[in-house]
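J.: Structure below; questions to follow.
The values are calculated or read from the model by the stated rules, or taken from the named source; none is laboratory data. Just so we're clear, the structure is a prediction, and the values are computed from it rather than from any experiment. Because the Cβ atoms are built from the backbone with ideal geometry, glycine has one as well, and the counts that use them run over all protein chains shown. Accessible surface is based on the protein model in full, side chains and every heavy atom, while ligands, DNA and RNA are left aside. Shrake-Rupley method; radii C 1.70, N 1.55, O 1.52, S 1.80 Å.
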Amino acid sequence: MKLKALLALAAGLALAGVAYAAEGDVKHPEPQKWSWEGAFGKFDRQQLQRGYQVYKEVCAACHAMHLVSFRNLSQPGGPEFSEAQMKAIAASFQVPAIDDKGEVIQRAGIPADRFPSPFPNETAARAANNNAYPVDLSVIVKARHDGANYIYALLTGYADTPSEFQLLPGLNYNPYFPGKQIAMPAPLVSDGQVTWPEGNPPATKEQMARDVVAFLAWTAEPKLEERKLMGVQVMIFLLGLSVLLYFAYKRLWRDVDH
Amino acid sequence: MAHGPSTYKPTNAFTRWLDSRLPIIRFLDDTMMQFPTPKNLNYWFTFGGILMIMLVVQIISGIVLAMHYVPHETLAFDSVERIMRDVNYGWLIRYIHSNGASFFFIAVYLHIFRGLYYGSYKAPREVLWLLGIVIYLLMMATGFLGYTLPWGQMSFWGATVITNFFSAIPFVGEAITQWLWGSFAVDNSTLQRFFSLHYLLPFVIAGVVILHIWALHVPGNNNPLGIDVKGPADTVPFHPYYTTKDGFAIAVFLLFFCYFVFFNPNFLGHADNYIPANRLVTPAHIVPEWYYLPLYAVLRSVPDKLFGVILMFGAIFVWALLPWLDTSRVRSNKFRPIMRQLFWILMFVIFILGYLGAQTADDSNLVFFGIELPIGKLLLAQIFTIYYFLHFLVITPLVGLLETPHPVPESISKAVLAKKGAASAASA
Ligand code: HEM
């Protein structure tokens, strides 16, 4: 039926169209390939470990991750640092605490602590960042449309300001950010900014950006591998169940005129 | 009448004893096993069973979520994330619940449009149809209340936009809105009462579902031919015939559902809801969940707030009038050549309204795949809204009077035999 075909076409177009609606003239991030995509996708442990290092040495100077504990770093499905490595990582962060005299102090982190903010509070963070707030990065990949591609594009997308563009003082030109000017200065500025252990690819700006995005994808969805594995099992089970029920149904109705 | 005399025979001393005191096994046997069901039901008739499953899925997953969820403005967002990270299989429960709501609505829309196509709202099923509308309204309320609970940006701003519509009511609007909020804005007291009501309403739904099924079991099922059951040759017992057929359909439905739960759990949600609620930052584009979009387009199609709200509720209220607006004596659109086309046009109109509901709220021209169409979004929404109401209020009564339906078969079994005969003649 023509009408139905028309309807189906309109449905398809409209669905695709919603995604494109109302984005203004901001540059769309280019799609990248990520290891965790697809039904069998997994995180790359080495990549998550490198990404952690970029986070710690670069991003942690401004950002926090208050939903992620250090102990998560050695859990299955993540960077899977050894227990000892994870404890050392925790101890390398200073976290706010209260000592036994009631004084506010900083102490070394323990596995149960969360990734702390380098600032005592939001006002201090804003004061240090041109009145912009370095958001918590725990779920940032899920909190942005097309999150992984967007953050990769954002981190690698800083460019010279076009002559016709009116840049406000203290902001940086970045065509991927809504409004095209962002308070965060380019965090990844030179190749080799982070030194990785032997056996890892060279620390180019692009590689560091990819790896820190992978790390943030894991912090946003730490149960991703468990979820996909269970998903494959559930789908196989349901497929088998559907086939059995289909034949039971056909068999039963064989003698009924319908 | 679909009901015959009860055929249940207690088989042992205990069931005989119970049967003469509380004949509950007899009741279940009559209504869920022997219940005579037209033998020509197609897959569109399985969505009722699917809806029952989804209600149970939502209630069970919701009760488990409520064991860990904290309804407080400073804790709600993090408590949901804690469920996702630290509660055993919490991610599973939460993704089942959030995607379950969407699949519940997919099923209910297909179920309603099925009824529209096959004329299931006509006598003697008007009360059944009206109870269905009550369930749908309760579902809309429940979904809205639930969506505020994770207290992300869309939760907060969605709740703000929707509750603000009540302020359009003349004279008492502001008082009612503040009464709903429990405050002077959407805040912690709003969240806590929304949680309380979100817990309550699904059980109210379950109650109305019981009435709905009661009202179904008096006249019995409608069927794709839309004709009454004439005798035992037209029916089969519900069990095992429809338990297996529905079972198969439910398994396939769950396959689609599980694809989203396990492989694309955030596809039907909005990224902004992973940003904690912030009353100082308005999102660039506040959109409700997909299942409200057509109604949202109707609401925004009128500049006047009060009229918009009336129109939005009116868009559902016209369904309640439908049994009396439809003047045709033929139920199924299978035999109504004109109404059948109009049905698909209505589906198209609702779909476009949904599309428009997802657009930004301004009167710019519609941009479709980068191509600017020479028509404003507002005007388009107005045209489609007007058509929507015309369909029910004018076109349906007129077409019922003017259209000449195709001849309707005498009985379900005769129609089946005729179809079989034609098929074997063609293959010979
Ligand atoms: C008609 C059935 C129901 C529907 C349509 C429904 C819908 C929803 C929706 C759309 C959400 C937001 C999900 C999200 O984005 O995270 C939600 C959250 C929630 N619901 Fe329900 N729900 C239903 C039944 C229940 C029941 C019976 C309970 C409790 C006994 C419940 C408890 C919760 C809790 C605690 C949350 C917050 C956690 C979260 O956001 O994931 N729900 N519900």
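J.: Taking each residue of B:339-345 in turn, how many C-beta atoms of other protein chains fall within 10 Å of its C-beta, and what is the average?
T.: Taking the mean over all residues of the peptide, I get 2.
J.: Can you list residues whose amide H is under 5 Å from A:Val68's amide H, if they're 5+ apart or on another chain and H is modeled 1.01 Å from N?
T.: Distant-sequence amide H within range of A:Val68: A:Phe115.
J.: Shifting gears a bit: Can you give me the long-range amide H partners of B:Phe368? Hydrogens built in the peptide plane at 1.01 Å from N, cutoff under 5 Å, separation of 5 or more residues or another chain.
T.: When sequence neighbours closer than 5 places are left aside, the close amide H contacts are B:Leu373.
J.: Taking H placed 1.01 Å from N in the peptide plane, check which residues at least 5 places from B:Thr37 or on another chain put their amide H under 5 Å from its amide H.
T.: Hits under the 5 Å cutoff: B:Val236, B:Phe238.
J.: Pull out the extension gain between B:His217 and B:Leu401, defined as 0.36 nm times the separation in residues minus the alpha carbon to alpha carbon distance; nm, one decimal.
T.: 63.2 nm
J.: Return the tail of the calculated pair distribution for the protein assembly as shown, meaning the percent of Cα-Cα pairs more than 43 Å apart.
T.: 36
J.: Tally Lys/Arg at +1 and Asp/Glu at -1 over every other residue whose Cβ is under 14 Å from the Cβ of A:Lys42; what's the total?
T.: Values: positive: A:Lys33, A:Arg45, A:Lys223, A:Arg227, A:Lys228; negative: A:Glu37, A:Asp44, A:Glu80, A:Glu221, A:Glu225, A:Glu226.
It works out to a net charge of -1.
J.: Mind pulling up the Rg/Rh value for segment B:35-282? Radius of gyration and Kirkwood radius, both on Cα.
T.: 1.03
J.: Compare the Cα positions of B:Ile60, B:Phe166, B:Gly226 along the charge dipole of segment B:35-282 (+1 at Cβ of Lys, Arg; -1 at Cβ of Asp, Glu; about the Cα centre) and return the one farthest towards the positive end.
T.: B:Gly226
J.: May I ask you to derive the FRET efficiency for B:Leu393 and B:Asn164 from their Cβ-Cβ distance with R0 = 35 Å, giving the value to the nearest 0.05?
T.: Numbers: r = 29 Å, r/R0 = 0.81.
The formula returns an efficiency of 0.75 here.
J.: Ok, one more. What accessible area per residue, rounded to a whole number of Å², is obtained for segment B:142-275 using a probe radius of 1.4 Å?
T.: With the other protein chains kept in place, segment B:142-275 gives 43 Å² per residue.
J.: Here's another thing I want to ask about it. If R0 is 51 Å, what FRET efficiency do you get for B:Ser20 and B:Ala185 from their C-beta distance, rounded to 0.05?
T.: My answer for the efficiency is 0.25.
J.: Just the number, please: buried accessible area between A and B, total of both chains, 1.4 angstrom probe, nearest 100 square angstrom. Write down the numbers at each step before the final one.
T.: On the way: alone 16150 and 22250 Å², together 33800 Å².
That pair hides around 4600 Å² of surface in total.
J.: Rg(Cα) of chain B divided by 2.2 N^0.38 Å?
T.: That works out to 1.10 for chain B.
J.: What does the extension gain come out to for A:Gln85 and A:Thr204, with contour length at 0.36 nm per residue minus their alpha carbon separation?
T.: Working: separation 119, 0.36 × 119 = 42.84 nm, distance 2.49 nm.
Stretched out fully, the A:Gln85 to A:Thr204 stretch lengthens by 40.4 nm.
J.: Simple spin-label model, 7 Å along Cα-to-Cβ: B:Val408 to B:Ala320 in nm?
T.: That separation, rounded to one decimal, is 2.7 nm.
J.: Next question. How large is the convex hull of the C-alpha atoms of segment A:197-248 per residue, in Å³?
T.: Residue-normalised Cα hull volume stands at 121 Å³.
J.: Among B:Leu393, B:Phe369, B:Gly421, pick out the residue whose Cα is farthest towards the positive end of the charge dipole of segment B:327-428, where Lys and Arg carry +1 and Asp and Glu carry -1 on C-beta, about the Cα centre.
T.: B:Gly421
J.: Right, here's the next one. Ignoring any ligand, DNA or RNA, what whole percent of the accessible area of chain B comes from carbon and sulfur when the probe is 1.4 angstrom?
T.: So the carbon and sulfur contribution to the accessible surface is 72 percent.
J.: From the phi of every residue in segment A:177-183, what ³J(HN,Hα) in whole Hz does the Karplus formula 6.51 cos²θ - 1.76 cosθ + 1.60 yield, where θ is phi - 60° and glycine or proline is x?
T.: Taking θ as phi minus 60°, the curve returns 7, x, x, 6, 9, 10, 6 Hz for segment A:177-183.
J.: On to the next question. On a 0 to 90° scale, report how tilted helix B:126-148 is relative to the longest principal axis of chain B, with both axes built from alpha carbons and the result rounded to the nearest 10.
T.: 30
J.: Given R₀ = 56 Å, FRET efficiency for B:Ser196-A:Ala248 by Cβ-Cβ distance, to 0.05?
T.: 0.80
J.: Additional query: Given all pairs of different Cα atoms, what value in angstroms does the Kirkwood hydrodynamic radius of segment B:322-428 take?
T.: Values: mean 1/r = 0.0588 Å⁻¹.
Kirkwood hydrodynamic radius for segment B:322-428: 17.0 Å.
J.: Determine the sum of side-chain charges near B:Ser364: Lys and Arg each +1, Asp and Glu each -1, restricted to other residues whose C-beta is under 12 angstrom from that of B:Ser364. Don't skip to the end; give the middle numbers.
T.: Working: positive: B:Lys377; negative: B:Asp362, B:Asp363, B:Glu372.
My count for the surroundings of B:Ser364 gives -2.
J.: Measuring from label point to label point, each 7 Å out along Cα→Cβ, what is the A:Ala183 to A:Asp99 span in nm?
T.: Result for the modelled spin labels: 3.3 nm.
J.: Working with all protein chains in place, sort A:Cys62, B:Cys258 by solvent-accessible area computed with a 1.4 Å probe, largest first.
T.: Values: A:Cys62 50, B:Cys258 20 Å².
So the residues, ranked largest to smallest area, are A:Cys62, B:Cys258.
J.: Suppose every Lys and Arg Cβ carries +1 and every Asp and Glu Cβ carries -1, with no other charges. What dipole size does the protein assembly as shown come out with about its Cα centre, to the nearest 20 debye?
T.: It works out to roughly 2500 debye.
J.: Using a 7 Å offset from the Cα along the Cα-to-Cβ direction at both A:His66 and B:His72, what is the distance between the two label points in nm, to one decimal?
T.: Each label point lies 7 Å from its Cα, and together they span 1.3 nm.
J.: Next question, about the same structure. Rounded to the nearest Å, what's the spacing between the alpha carbon centres of segment B:69-90 and segment B:312-356? Just the number, please.
T.: Going from one Cα centre to the other spans 42 Å.
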